[in-house]
1. If the Cβ limit is 8 Å and pairs must be 6+ apart or interchain, which residue in the stretch 513-526 that is without any contact (Cβ under 8 Å) to a residue 40 or more places away in the chain and under 14 Å from residue 600 (Cα atoms) pairs with which residue that is open to solvent by 10 Å² or more (accessible area, probe 1.4 Å) and assigned to a strand (DSSP E or B)?
2. Tell me the residue from 443, 460, 494, 518 that is aliphatic (A, V, I, L, M) and farther than 22 Å from residue 642 by Cα, please.
3. Filter the stretch 435-461 down to residues that are assigned to a helix (DSSP H, G or I) and aromatic (Phe, Trp, Tyr) and give me whichever is surrounded by the most Cβ atoms within 10 Å (Cβ to Cβ).
4. Residues that are within 30 Å of the chain's Cα centre (by Cα) and among the aromatic types (Phe, Trp, Tyr): does the stretch 63-86 have at least one?
5. Going by what's in this entry, would residue 754 be described as at pLDDT below 80, open to solvent by 60 Å² or more (accessible area, probe 1.4 Å) and among the hydrophobic types (A, V, I, L, M, F, W, C)?
6. Restricted to the stretch 735-748, and to residues that are more than 19 Å from residue 668 (Cβ to Cβ) and modelled with pLDDT of 80 or more, which residue is most open to solvent (accessible area, probe 1.4 Å)?
7. Restricted to the stretch 206-226, and to residues that are in a loop (DSSP other than H, G, I, E, B) and out of contact with any helix residue (DSSP H, G or I) (no Cβ under 6 Å at 6 or more places or on another chain), which residue is modelled with the lowest pLDDT?
8. Output the residue which, of all residues in the stretch 195-205 that are in contact (Cβ under 8 Å) with a residue 40 or more places away in the chain and not in a strand (DSSP E or B), is surrounded by the most Cβ atoms within 10 Å (Cβ to Cβ).
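The values are calculated or read from the model by the stated rules, or taken from the named source; none is laboratory data. What you are looking at is a predicted structure, and each value in this text was computed from that prediction instead of being measured. So basically every Cβ, Gly included, is an ideal-geometry build from the backbone, and we count neighbours across all protein chains shown. All accessible areas refer to the heavy atoms of the entire protein, side chains included, with ligands and DNA or RNA removed. Shrake-Rupley method; radii C 1.70, N 1.55, O 1.52, S 1.80 Å.
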Amino acid sequence: MKAILRNFLSVVRRYKLATLLNILGLSVAFAAFMVIMIQLDYDHGFDKFHKDYDKIFRMEFTRDNSIQAVICRPLAERFFESSPHILAGTITYPGIWMGNMPFHVENDGARIFYQEMSLGVSPEFTDVFTFDMVEGSQDALKTPDHVIIPLSLARKLFGNESAIGKRLILSQANLIIGAVFYDFPSNSIVNNCIYTSIPEEENKQHWGNWNYHAYFRVNDPSNLSQLWDNFKRDFDAKAMMGQDFDWDESGFDMRFTPLPDIHYVTDVTFDSTPKASKTTLMVLFAIAIVLVVIASINFTNFSTALTPTRIKSINTQSVLGAQRNTIRLSLVSEAVIVGLLSYVVALGLIVLFQQTPLTKMVDADLSLTAHPLIVGGTILIALFAGLLAGLYPAFYMTSFAPALVIKGSFGLSPKGRKLRNTLIGIQFIASFALMIGAFFIYLQNDFMQHSPLGYDKDELITTNIGRIHKQQEAFTNQLKSFSGIEDVTFSMHLLSSSDQYMGWGVTYNGEQINFQCLPVDYTFLKTMGIEISEGRDFRREDDNMQYGAYVFNETAQKKYNLELNTTIGFEGGGEIVGFMPDVKFASFRTAVDPMAFHVMGTERWSPLSNAYIRVKAGTDVRAAISHIRSTLAEFDSEYPFVVRFYDEVLQQLYEKENSLSSLISLFSLLAIFISIVGVFGLVVFDSECRRKEVGVRKAHGASTPSIILLFNKAYFIILLICFAIAAPLAWYTVSRWLENFAYKTPMYWWVYLFAFMAVAIITASTVTFQNWRVANENPVNSIKGE
């Protein structure tokens, strides 16, 4: 045993680089496996911490193959009351209206201003979802003007003091903190924000206001389909709505999505909850398995590659009386030790990974103590990988007769070569597929962020303006006093910051039409560079019209046969003054829907809380931002404004895709690295086994380049075969992923060529580097050594 171990250490010293690379390859594979499994566990566990998560559902309205997450309040509440099987029901405002609440608190006479996320809910919200209260009552929302806040916010506002009874002071109201709850995990659609009560009578009988999300909890999910059927049967439209209504003729229906599945559904409009693709998660899981498999294959190949160096020593031990099983156990033990060593290094890599900006690519908490099952399970995988990687070489090295060992031809059997080429081929297939996938993900992200949007996004700065909206004109004039600022405009919601905006259903020529609406200032289209294809732009006098004016996109114009100078909306409504080409007002995940920009007129019902500041080309941007900040402070020194370039809005919109792109790219590089380590090990094996052949060829006049070409030719054939298998697999997977987007990058042929050339060049460089020494060795020494 000691003799074999000494021989192994001598081989390691001889092939130090190859040994270290194989250990590093296994370590990287185990680390990547743990990171991916932690992310998969994060997504799989979405909202499963709630006590009755499998009994909580969201109501989703369906009609004509369209599904939306918003419904009207009276319909939701009538349904909640329709059956004793529904234990609790609640409504909330949709995420796109989830606001940043500006308020201040008073501590020791000092006023400190904050802006925090808030959401209006009905008081039964805490009956549907599981809130673990730190202090205060779970029924706090049932008391007027009371709110509940997360523990993290309570600590931020009041330190270690009790938050109960403290006030959040708004411009027009005071809210009293009635309860503090422990923060929810980040993998939840339930946010750690300020929860306020929706007024009891707000839209309670308004069947036309579809602006609410609805959730309910049942006692038994098997009763679900029966609940809706019973509700429709007993629904008295005349008594409730004041008009006749037939469910079958209307095409209206309802879908109930289980709480954990909300994270995955992507066919629903007006749904701003965090999303993940099951296809993407399956791809990540496959990558995790592939990385571990190819790293294990590498180690197996490398251990086998040491056969020429170790086999004579092993045979000597057999001749001297060592049992074959004892020798095999020793060899397997060496592999297991390497596997465990690689696992320890992998833990260190994850700790280092947490200290880098790369952690932004992963949503989950990567601390090892938070995931004992995954960390512990990977130990078993490391043991299993070491066991498998050691078994084949152990049996292989001890399977030769002494005469064959002396002859030295054991390494070149057709069966052994075929097996090793198959193993390395699996790694090349994985490398090609991952590289192609990563490249197309990058191209899709680049396409979304740099394709024409229908407006000018360059030299544009945005900021929220809070209470300054009351002094909009004075604020604009002050900003324009800086020579580098060209123009200023305003809107209610930030353009291109979401997949959906407000959905309006109004009457036009006696027919119901539906479109998304973005209220703006009359200067908006001009400042943003949006062209008018028919009619006119907004004018200042549109602000003086009672119901304002609309400019629709061409999709709405064609779908609803809209005409200029006609009115649309309630009670006479606003005037259609123009049409514009289809601008990309939402993300590229969604198709362009009917939409309109709207100047609200004298019936302004909500402030325009976002400012867009156009900077002249060549202006000192730092000076411009400094002027913007000083102007904001001059108008309101206490409000927490957020000033940023408009490009940051688009980056935030595609943050999930950017993270996925970076993650896949990282794993692609790791797969290529591990594959090259495998090539390196296989080349070590070939060069050792063919040393005598190389010596004979050199003795007969073969040049070094011709010998290098001989070795490279074999690997080039393997690359071609693997590419022919990997390319269709990558094409299918990428095509499925691109189905998540309404607008997508073309499937360029040169991406496949680039992937092949990249892997081929790296492989050729590795083969050439390792064989250069053998090809330049004195042929007399090679032949004599054999």
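1. Final answer for the pair search is 523/487.
2. Going through 443, 460, 494, 518 in turn, just one is aliphatic (A, V, I, L, M) and farther than 22 Å from residue 642 by Cα: 443.
3. Taking the candidates together, the pick is 440.
4. Within the stretch 63-86, none of the residues are within 30 Å of the chain's Cα centre (by Cα) and among the aromatic types (Phe, Trp, Tyr).
5. no
6. Once the filter is applied, the top-ranked residue is 739.
7. By that ranking, first place goes to 208.
8. Filtering the stretch 195-205 for residues in contact (Cβ under 8 Å) with a residue 40 or more places away in the chain gives 195-198, 202-205.
Those still in the list that are not in a strand (DSSP E or B) too: 198, 202-205.
On the way: 198: 21, 202: 14, 203: 17, 204: 12, 205: 12.
It comes out as 198.
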